[in-house]
Amino acid sequence: MAKRPASPNSSAAGAPKPARRRGFGMRHIAPAAAAASRPALRKRGLAVAGVLADWRKIVGPFLAEATAPEKLAPGRALPEGGRDAGVLHLRVGSPALAPEIAHFAPQIIEKINGYFGYRAVARLHILHAPVSRPQTAPAPAALRDATPAEKDAVRSQTAGVGDDGLRDALQRLGEAVAARRGGR
């Protein structure tokens, strides 16, 4: 039996070389973002970024406004392997709210563990510290209504449209654009 000539993609040992990726096609950003944020989150003890990202979903809007997770300290190592549940350090902005948070600690822990799907938190450690919230952009100023002259101009431009629903939608769009431009 005759040997076949070696192909350019095979090595001397006969194993094929991995195909080289050509081009710069689209790639998912989630793995890169998770890899970039992992060191900063680990430093805070929040190896699972979901606690920060989904805090409002986990505890509800009232507690999310008044509290913020600071770090998740891992539990002690168990002799049979694995770890015990950890301690969640929780910032509470109001000293008057701290006793309420302490009272609701079992329910908060239950919600967090339900989110993770396993017993990740055994207890809460309440920190009396201001809760910082990300700055939100101010609400855009209310738009003015289109002037009667602008409305007439839009009506004359859409008069040739035969479909009533489409003509009405185009008129509303034209009036909104005219109002936003502000006479430009």
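Here are a few things to note about the model shown:
- Residues of the range 31-74 satisfying the condition of being of a type in the set (D, E, K, R), under 17 Å from residue 101 (Cα atoms) and either in contact with a Gly (Cβ under 7 Å, 6 or more places away or on another chain) or at pLDDT below 75 (or both): 71
- Subset of the range 88-129 (residues that are at pLDDT 85 or above and assigned to a loop (DSSP other than H, G, I, E, B)): 93, 94, 95, 96, 97, 104, 129
- Tallying residues that are more than 16 Å from residue 180 (Cβ to Cβ), part of a helix (DSSP H, G or I) and in contact with a helix residue (DSSP H, G or I) (Cβ under 8 Å, 6 or more places away or on another chain) within the range 147-169 yields 4.
The values are calculated or read from the model by the stated rules, or taken from the named source; none is laboratory data. Quick caveat, the model's predicted, so the values are computed rather than measured. So basically every Cβ, Gly included, is an ideal-geometry build from the backbone, and we count neighbours across all protein chains shown.
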